[in-house]
Amino acid sequence: MNHDKLSKLLALASSDNDAEALSALRMANKMLKAEGLDFKDVASSVSPSRTEPAPAHGGYYEYQPPKPKGYSKGGFTWESREAYESYKAHQTKMREAERQRYAAARAAVLEKYGSEEAAIARNDREQTLHEAALPWLESPNEPTEEFDQLAGRWHQRMGGWAPHDFKSKPPPECRAAIEAALPLPTTIREAREEAQYWEARNDEICHALECWGDGQLDLPAAYRWELVRRLWETELPIVTMDDLLVRLEYAAEAHDMASASDALPSILGAFRTLVVQGNATVQNGHYRPANSQDGPNAETPVHSGRPLTATERRARIVAMLSDPNTVGWSDRAIARAVGASPSTVGSLRRGGGNSSGPMASRPVG
């Protein structure tokens, strides 16, 4: 585990900026979970009354170096040479415990890719994002004797931004390039699937490198992961019953109450529309209004987070016009659900936004 990074995250958790503090706590919690630990273990590690030896399964921070006095080694001053050697032995023991814990997972990754080098190298999605963000990538990693072919695989900053800069973001042009490089999810389920994909890919690189607890995606992929995670958790509007289900599952499985609380406004709004008002029935995971035409029973849009962009509204309309459960809705009903104009829906229904041909015809009656 990276002690310095954990210390910085815990320091940021005391920030007066609530968003910054929450983000820092989430990242610290993720680092601890990767080691099979939690914040109770952190508290125990600094308790003055603690006398028991460090647990065999714990992270490196469980063993606190002695107070510096006289022996300098590795950039630190140690109480004695014996204290330094004891600390190094403990690190070696913890490292071996990590290798044993993740041995099966690492073997599966190497079997999937055929070699350690192939597992670490950028895959197609990562390469697409890398090329899109290339003008803003800074400070590539230097070649090493062991991984010479991976020189430039990772970068320190992207347009002046690094993942732990909680008060900043990549430049707007860089963010736009990363968002456009791969189609953005238009449903909450799609956003969850992409976020889970990036989490799994990060874990693969961690196993291949035998470096657990830290994020190993390069900056374009790391930012994309954060982007789709926010879409999944809070930002995409709830439009279908399936959207509501996926957002509710997220809130139920969230690691902390703050994350679940952030998702609740959109969930409550959808619940009022779909259950309390009784405006819809469930068909194949989507909600359908009692009357597919305009009228008092037409569906009510359920939104959360930021408004959809024009591109996202267009994609959502196309998806609804391609879905047998919603293609029969009136132009006005779809427009209200997505937050667009009926004329836009009508144009897309007639094939104005699809070069492959007209959409399914709108039922008459």
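The values are calculated or read from the model by the stated rules, or taken from the named source; none is laboratory data. Everything numeric here is computed off the predicted structure, so don't read it as measured data. Quick reminder, even Gly has a Cβ in these numbers, built from the backbone with ideal geometry, and neighbours come from all protein chains shown. Just so you know, the surface numbers come from the protein's heavy atoms only, side chains and all, with ligands and any DNA or RNA stripped out. Shrake-Rupley method; radii C 1.70, N 1.55, O 1.52, S 1.80 Å.
Among the residues of segment 259-277, are any in contact with a His (Cβ under 9 Å, 6 or more places away or on another chain), more than 30 Å from MET31 (Cβ to Cβ) and at pLDDT 75 or above? Looking for residues that are in contact with a His (Cβ under 9 Å, 6 or more places away or on another chain), more than 30 Å from MET31 (Cβ to Cβ) and at pLDDT 75 or above, one finds at least one in segment 259-277, hence yes. Scanning segment 91-117 for residues that are at pLDDT 90 or above and not in a helix (DSSP H, G or I) returns GLY114, SER115.
Can you tell me which of CYS206, CYS211 is open to solvent by less than 60 Å² (accessible area, probe 1.4 Å), over 15 Å from the mean Cα position of the chain (by Cα), modelled with pLDDT under 85 and under 30 Å from GLU116 (Cβ atoms)? Within the list CYS206, CYS211, the selection yields CYS211. The residues on offer are ARG153, ARG157, and the sole one that is open to solvent by 60 Å² or more (accessible area, probe 1.4 Å) and at pLDDT below 95 is ARG157. Counting only residues that are closer than 19 Å to GLU179 by Cβ and not basic (Lys, Arg), segment 200-225 holds 8 of them. The residue pairs whose first member lies in segment 175-186 and is touching a residue at least 40 places away in the same chain (Cβ under 8 Å) and charged (D, E, K, R), whose second member is surrounded by fewer than 19 Cβ atoms within 10 Å (Cβ to Cβ) and not in a helix (DSSP H, G or I), and whose beta carbons are closer than 6 Å, counting only pairs six or more residues apart or on different chains, do not exist in this structure.
Annotation note: of SER266, SER259, the sole residue that is crowded, with 21+ Cβ neighbours inside 10 Å and touching a residue at least 12 places away in the same chain (Cβ under 8 Å) is SER266. Of the candidates GLU299, GLU194, the single residue that is at pLDDT below 85 and either assigned to a helix (DSSP H, G or I) or over 16 Å from the mean Cα position of the chain (by Cα) (or both) is GLU299.
Per the conditions (1) in contact with a Phe, Trp or Tyr (Cβ under 8 Å, 6 or more places away or on another chain); (2) touching a residue at least 60 places away in the same chain (Cβ under 8 Å); (3) within 23 Å of ALA133 (Cα to Cα), the sole criterion not satisfied by HIS207 is (3).
Within segment 330-365, if we keep just the residues that are over 11 Å from VAL318 (Cβ atoms) and among the basic types (Lys, Arg), the residue that is modelled with the lowest pLDDT turns out to be ARG362. Here ARG122 meets each of (1) within 22 Å of ARG224 (Cα to Cα); (2) in a helix (DSSP H, G or I); (3) touching a residue at least 12 places away in the same chain (Cβ under 8 Å); (4) out of contact with any strand residue (DSSP E or B) (no Cβ under 9 Å at 6 or more places or on another chain) with one exception, condition (2).
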